[in-house]
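One structure is given below, encoded as structure tokens.
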Amino acid sequence: MAQTVPNVKRSVPNILITGTPGVGKSTLCAQLAEVTGLQWLEISKIAKDYNCLEEFDEVYQCPYLDEDKLLDGLEEVMCKGGNIVDYHCNELFPERWFDVVFVLRADNTVLYDRLTARGYTGKKLEDNVQCEIFQTILEEARASYKPEIVHELYSRTPNELQDNINRICLWIQNWLQDNST
Ligand code: ADP
């Protein structure tokens, strides 16, 4: 079972970057981590490192995730703050971990091309494009976190990527000002 830990005030915020695979999470997180010095936690990679992946789902061509083990492994670093968490799902995380949630979006045609270039085909490709059309990840975030901390950001072009980075940096500055004691 995941630990239950009381909410501790952080001096640096935790940011969740979520969205359908291919919307540009890794691209944004890599640049954001460089600009801000915050730690980029790429959950898909961390799950492998922590041995949280179980048997393979043949239909979706991906392994099952042991969520409790993953969350227990991340608890300490999340309590310290200063993390940019990058994952395509968001409902599994404790709400108290995050000060803000950014849901990246892309048009379905843009996403189709990106995922095809990544080698996605068949059901995996269709399901991910449908996930974006039905804004499943945005709805999941709105249901899992306070709506006022959930922000939708389109990341279709390099200009939008830069705008998003600027906007998140501004959000961080404001948060640090508001939370300095
Ligand atoms: P995710 O981490 O959400 O799966 P990636 O960051 O790997 O997505 O991006 C998928 C592809 O889209 C990559 O080839 C990346 O270079 C491209 N990409 C990401 N964001 C943008 C953007 N804002 N404009 C143009 N191309 C982008």
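The values are calculated or read from the model by the stated rules, or taken from the named source; none is laboratory data. Keep in mind the model is a prediction, meaning the values are calculated, not measured. Note: ideal-geometry Cβ built from the backbone for every residue, glycine included; neighbour counts use all protein chains shown. Remember, those area values only see protein heavy atoms, side chains included, never the ligands or the DNA or RNA. Shrake-Rupley method; radii C 1.70, N 1.55, O 1.52, S 1.80 Å.
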Discussion item. Pairs needed: first member in the stretch 138-162, closer than 19 Å to Gly22 by Cβ; second member anywhere, basic (Lys, Arg); C-beta distance under 8 Å; at least 6 residues apart or different chains.
Written reply: Leu138/Arg105; Glu152/Arg105; Leu153/Arg105; Leu153/Arg167; Tyr154/Arg105; Ser155/Arg105
Practice prompt. Look at Gly119 and say whether it is within 15 Å of the ligand (Cβ to nearest atom) and on the phi > 0 side of the Ramachandran plot.
Written response: yes
Worksheet item: Would the stretch 27-39 turn up any residue that is within 16 Å of the ligand (Cβ to nearest atom), in contact with an Asp or Glu (Cβ under 8 Å, 6 or more places away or on another chain) and modelled with pLDDT of 95 or more?
Response: yes
Practice prompt. Sort out for me the helices (runs of 4 or more DSSP H) sitting completely within the stretch 64-147 that have 1 or more residues that are under 14 Å from Ile15 (Cα atoms).
Written response: 67-80, 136-144
Response to the item:
Within the stretch 16-46, the residues that are without any contact (Cβ under 8 Å) to a residue 60 or more places away in the chain, under 18 Å from Glu140 (Cβ atoms) and of a type in the set (A, V, I, L, M) are Ile43
Item to complete: Filter the stretch 69-107 down to residues that are under 20 Å from Tyr50 (Cα atoms) and among the basic types (Lys, Arg) and give me whichever is surrounded by the most Cβ atoms within 10 Å (Cβ to Cβ).
Response: Lys69
Worksheet item: Being touching a residue at least 40 places away in the same chain (Cβ under 8 Å), open to solvent by less than 20 Å² (accessible area, probe 1.4 Å) and of a type in the set (S, T, N, Q), is that true of even one residue in the stretch 55-65?
Response: no
Worksheet entry | Residue in the stretch 99-144 that is farthest from Ile172 (Cα to Cα), counting only those that are β-branched (Val, Ile, Thr) and touching a strand residue (DSSP E or B) at 6+ places or on another chain (Cβ under 9 Å) | Ile137
Response to the item:
Looking across the stretch 135-163 at residues that are within 14 Å of the ligand (Cβ to nearest atom) and more than 11 Å from Val103 (Cβ to Cβ), the single one that is surrounded by the most Cβ atoms within 10 Å (Cβ to Cβ) is Leu161
